[in-house]
């Protein structure tokens with residue numbers, strides 16, 4: 001049986017209605033403008049802001065259409081997707097933009113209290129048990145959960161309810177450092193340390209749940225590259241990088257010189273620095289699943305800066 005599994009960061013798939021230009025109308029008490037409120041009391045209305053005080057708005061329609069097109073073009077059985085606000089928005093996205101292509105949709109609210117972005121599953125195959133590890137702690141940081149978003153474990157079943165494999169999906173700590181912080185170097189080191197602890201915790205959880213003889217994979221937005229010190233725990237645990245030699249699907253229209261190695265899903269140009277091309281969206285296989293790998297792909301963006309999202313999807317085919 002062939003099974004395709006992929007990972008894709010959809011970049012802020014929110015269902016917030018864009019209040020721009022309508023707040024004044026709402027203040028006048030209009031009942032004709034569609035909106036969602038939360039109430040501090042019966043006389044006050046509060047709009048939802050993120051952790052930085054920014055109004056949350058829906059993803060632009062053109063970007064939403066484009067990520068849907070990219071998902072459909074890849075034609076993958078199981079997607080682990082990142083940056084989803086909640087299960088309702090993923091269900092609506094599947095229904096309205098993917099034509100209901102995925103019968104099984106799952107999102108669990110995670111720990112992100114700043115951007116409210118979670119991990120989701122889109123699957124053509126039945127889903128069995130689902131576990132969130134958002135309340136797990138690292139021994140060196142017992143004061144707060146180690147995952148700034150989550151680690152989810154999902155059983156993928158065949159049509160008779162038998163487990164085909166287990167998928168672990170995650171979204172690790174970003175390298176982004178706000179330019180307003182007083183000590184950017186210290187903030188970057190703190191992010192690296194947290195990402196390291198997250199990777200260590202993932203392998204510890206997997207070791208407690210799985211044996212080397214079982215078929216499982218780990219995928220998601222790791223916010224660092226394979227072989228980096230922060231992700232060293234993956235290879236140390238015996239996981240196999242499934243995207244060492246991916247094939248590209250599509251092509252970027254750009255005058256920028258692209259790397260000869262197609263193993264990249266994200267690009268960034270820092271001021272005064274050469275452009276980097278990094279494989280931060282990854283798929284790692286258990287030793288028992290690695291021999292079942294038949295092919296790997298990265299769906300290449302059309303525009304270098306972003307194409308509905310600033311990530312490219314990656315997916316693999318397994319003969320199970």
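The values are calculated or read from the model by the stated rules, or taken from the named source; none is laboratory data. As the structure is a computational prediction, the values presented were derived from the model and not from experiment. Cβ atoms come from the backbone with ideal geometry, glycine included; neighbour counts cover every protein chain shown.
Restricting attention to the stretch 305-320, the residues that are at pLDDT 95 or above, out of contact with any helix residue (DSSP H, G or I) (no Cβ under 8 Å at 6 or more places or on another chain) and in a loop (DSSP other than H, G, I, E, B) total 3. Of all the listed residues (18, 12), the sole one being farther than 29 Å from residue 292 by Cβ, part of a strand (DSSP E or B) and at pLDDT below 95 is 12.
Looking only at the stretch 112-127, which residues are in a loop (DSSP other than H, G, I, E, B), surrounded by 14 or more Cβ atoms within 10 Å (Cβ to Cβ) and on the phi < 0 side of the Ramachandran plot? The answer is 112, 115, 117, 124, 125, 126.
Residues in the stretch 128-159 that are touching a strand residue (DSSP E or B) at 6+ places or on another chain (Cβ under 7 Å), part of a loop (DSSP other than H, G, I, E, B) and surrounded by fewer than 16 Cβ atoms within 10 Å (Cβ to Cβ): 158 only.
Just one of the listed residues (63, 88, 109, 77) is within 15 Å of the chain's Cα centre (by Cα), surrounded by fewer than 20 Cβ atoms within 10 Å (Cβ to Cβ) and modelled with pLDDT of 65 or more, namely 109.
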